[in-house]
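In what follows, a structure is listed as C-alpha cells, so that the remarks can point back to it.
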Amino acid sequence: MLKKLISSWSWARAFRLAIVAAFPAVVIGWLWLFTWPHFEGEYIGNGGLTKVEVTSSRGHLQVTVSMRKDDAEQVKTFAATRHYTTLRFGEGIESGVVVFHPFSVESYDLVTGSSRIRLSKSTAITQLALQHPLVTLVVVAALMSTGMLIMIEFKAQTNPSVIHPMWLAFFSALIFSTLVLFVSGEEQIFDYDGNPRTAIARTIVAAANFFLDVIPECKMLIVTLTLFVLPQWLAYGMSGISGAARRSRFVWIAWKWVVLITAKSFISASAIALSISLVGVYYGWVSSEPRGIAASVLAALMLLGFGIALLCIVPTGPEKRRVAGKSVRRFHRHMRRRLRRGPGEIAVQLQRELHQPIGSGASFPCCNRITRFFRGV
C-alpha cells in the first residue's frame, strides 16, 4: 500500500504543495523584516566614512557613532532610548536619531542636527558580499539558474506546451534587441556615455525604458483582471441572496492570459536588460568594471527567474473539469434556487398528460391545430 502511494505521488504536486505551504511563512517573514525595526547591529553610511553600532547590554541600548574626517576618526558612545521607528541617543547638540522607514530597501537613516545620512545595515552576508563581490555574484547566479532549471523541469511534467514559447520569446527579444543596439553602435547614434544623439536613438531609449519598466504593465493587468472578475463575484453574491445567481464567465481564461502576459513582460525585460549589458560594455555605454557587469547580468537573471517562477508556479494549462464537493454544490444550488426548475413541475405535467384521453389532442399540441382546421372546413 505504501509503495503504491509513493509511486502515485507526483513530484510536481509535491513542489506546488511546498510552495503553497511556504507562502504564508514567506509573507510573514517579509512583513516582519520590512515593518519591524531591527536596530541592533552595525551600519555604514556616507561611503564608509560614518559607522554606527547599536549594541544591547543588560536590556539597555548603546549607540557608538564613528565619523572619519580629514584622516581623523571621532568615536562617541551614547545611551539610547528605543521607540517603534526611532532610536534616540545623546543630549543637546550631540543628540541624534536613527530612523527606520518601513517598506523601504534602504530603511535606516541617521539624523544629527540638520544632516541626514542614509545607513546600510551590515550583516555577515553583506560583509561577505563587500569583501568578495564577484564570488558572491557568481554563487547567487548559479543558485538562481539551478532554481530556474528545477522549476522548468517540474513545469514540463504538468504542462510542457509552454516551455518552447517561453524560450522563443526570450531569445527573440534577446537577438532582436542585441541587433538593434549593435546597429545603433555602428551608426554612432549614441555618444560615448550612451546618450542619444538623434531622434531614432531617443526612440530606441524610450522603447527600452518601456519594456524594462514592467511594474506599470503589471499594475494595469491586475487592475484589468480585477475589473473583469470582481463585478461578477459581487453580482453572484448579491443575486444569490434572492436565489438568482449565475456562474462567473471566462474567469479562468482571463486569469490565464494575465499570468502569461505578465510572465512574458518579465522574460522580455530580462532579455533586453541582458542585451544592454553586453552591447553597452562593448561600446562603452555602461561601466566595463567586472563587478558592474556581473551585477547587470544578475539583475537580468532576476527578471528572468521571476518570469519563469510566475509561469511555472501558477497553473496555466487547460482547465480541468473536477467534480465540486458536496458543500460547494449545496451552496451553489442555494444561490440558484429560484432559477432551477424543480422536478415537481415536470412530474405534474406528465401526470396531466397521462390522465387525458389520447383522442382529445391535449397531449399533442399539433392535434389541436388539425382539429381546428377540419372544423373550419
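Yes or no, residue by residue, for (1) at pLDDT 75 or above; (2) open to solvent by 60 Å² or more (accessible area, probe 1.4 Å); (3) of a type in the set (Lys, Arg):
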residue	(1), (2), (3)
2	no, yes, no
7	no, yes, no
24	no, yes, no
66	yes, no, no
84	yes, yes, no
98	yes, no, no
104	no, no, no
111	yes, no, no
Within segment 166-201, tally of residues that are open to solvent by less than 70 Å² (accessible area, probe 1.4 Å), farther than 15 Å from residue 304 by Cβ and not β-branched (Val, Ile, Thr):
9
Just the residues that are of a type in the set (A, V, I, L, M), open to solvent by 50 Å² or more (accessible area, probe 1.4 Å) and free of Cβ contacts under 8 Å to residues at least 60 places away in the same chain, please, taken from segment 249-292.
253, 261
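Collect the residues in segment 227-253 that are assigned to a loop (DSSP other than H, G, I, E, B) and under 20 Å from residue 334 (Cβ atoms), keeping them in residue-number order.
Listed by number, the residues that qualify are 242, 243, 244, 245, 246, 247, 248.
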Which is modelled with pLDDT under 85 and within 30 Å of residue 312 (Cα to Cα), of 19, 93?
19
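The values are calculated or read from the model by the stated rules, or taken from the named source; none is laboratory data. A quick note: this is a predicted structure, and the numbers were derived from the prediction, not measured. Positions of Cβ are generated from backbone atoms using ideal geometry, with glycine treated the same way; all protein chains shown enter the neighbour counts. What goes into the accessible areas is simple: the full protein's heavy atoms, side chains included, and nothing from ligands, DNA or RNA. Shrake-Rupley method; radii C 1.70, N 1.55, O 1.52, S 1.80 Å.
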